[in-house]
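Colleague: This is the structure I have questions about; it appears just below.
The values are calculated or read from the model by the stated rules, or taken from the named source; none is laboratory data. All values reported here derive from a predicted model rather than from experimental measurement. Note that each Cβ is placed from the backbone with ideal geometry, even for glycine, and that neighbours are counted across all protein chains shown. Areas reflect the complete protein model, heavy atoms only, side chains present, ligands, DNA and RNA absent. Shrake-Rupley method; radii C 1.70, N 1.55, O 1.52, S 1.80 Å.
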Amino acid sequence: NFWSITKSEIAKLKISIITINLNNKLGLQATMESVFNQDHSQIEYLVIDAASTDGSKALIQANEAKLSYWVSESDTGRYHGMNKGIEQSTGEVLLFLNSGDWLVSNDAITKAVKYIQKNPQAIHYGNLEQQTNGKKWIHVYPEDLRLTYLIDNSIGHPATFIPRQHFEKIGLYNVNNQVVSDWEFFLRCFIKQISFIHMPET
């Protein structure tokens, strides 16, 4: 039975969470706190800062003991920063939680790991809580991901867990794009027939 997976088995799966940041100290603080409060024991947390000048670096340094890796240096854009995080990470599964994004509950990672343990080769994507002008809503992604959906849409990067091996097979993010390299990566994975599994969790 899927839900009979023991706590010890769940605890063994190492999740690398990568946060990129540029001059978003308040958003970074919210993101970091949501990661620090997770109850999953095997989390490797990496923060890639692009030489911020708003006090972000001091915030990172103040929390250095809780981080597995951090750097504050200039880069060429968000995907360059994400690629640097991939290269420094060691977890079996990666999650990109950029500054200003946060996990909705303290057991969000534990919930995701229960699904990932069932099929650790697949990319697992959950739903995404979004906020605009003080209003919140849940973006529910398709249960069955099809090419027709991915042509015009993408899945929620902050709620998508990607096995490390797919970056080794497909390659890293395309740094020539400003905002769509995550969509391009998911599309390449789909074309290569990598499995995508929807988790009915936010």
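Colleague: Would you tally the net charge around Ile197, using a Cβ to Cβ cut-off of less than 15 Å, leaving Ile197 out, and scoring K and R as +1, D and E as -1?
Modeller: +1
Colleague: If the reach is capped at under 17 angstrom between alpha carbons, list the aspartates and glutamates near Lys114, excluding any in the same chain fewer than eight residues apart.
Modeller: Filter leaves Glu9, Asp39, Glu92, Glu201.
Colleague: A further question on this structure: Rounded to a whole number, what % of the accessible area of the chain do carbon and sulfur atoms account for, probe 1.4 Å?
Modeller: Answer for the chain is 48 percent, counting heavy atoms of protein chains only.
Colleague: Provide the per residue accessible area, probe 1.4 Å, for the chain, rounded to a whole number of square angstrom.
Modeller: For the chain, the per-residue accessible area is 51 Å².
Colleague: Checking the a/c ratio against 1.5 first, then a/b against b/c, what shape does the Cα gyration tensor give for region 63-154?
Modeller: Rounded, because the longest to shortest axis ratio a/c is under 1.5.
Colleague: Multiply the residue gap between Lys118 and Gln88 by 0.36 nm, knock off their C-alpha separation, and tell me the result in nm, one decimal place.
Modeller: 8.2 nm
Colleague: Please work out whether region 120-202 counts as rounded, prolate or oblate from its C-alpha gyration tensor, where a ≥ b ≥ c are the square roots of the eigenvalues and a/c under 1.5 means rounded, while otherwise a/b larger than b/c means prolate and anything else oblate?
Modeller: prolate
Colleague: Checking the a/c ratio against 1.5 first, then a/b against b/c, what shape does the Cα gyration tensor give for region 59-116?
Modeller: In terms of gyration-tensor shape, prolate.
Colleague: Right, next: Using a basic spin-label model with each label point 7 Å from the Cα along Cα→Cβ, how many nm lie between Ala51 and Arg164?
Modeller: 2.9 nm
Colleague: May I ask you to work out the translational diffusion coefficient for the chain at 37 °C, viscosity 0.692 mPa s, via Stokes-Einstein with Rh from the Kirkwood sum over Cα pairs, reported in whole µm²/s?
Modeller: D = 190 µm²/s.
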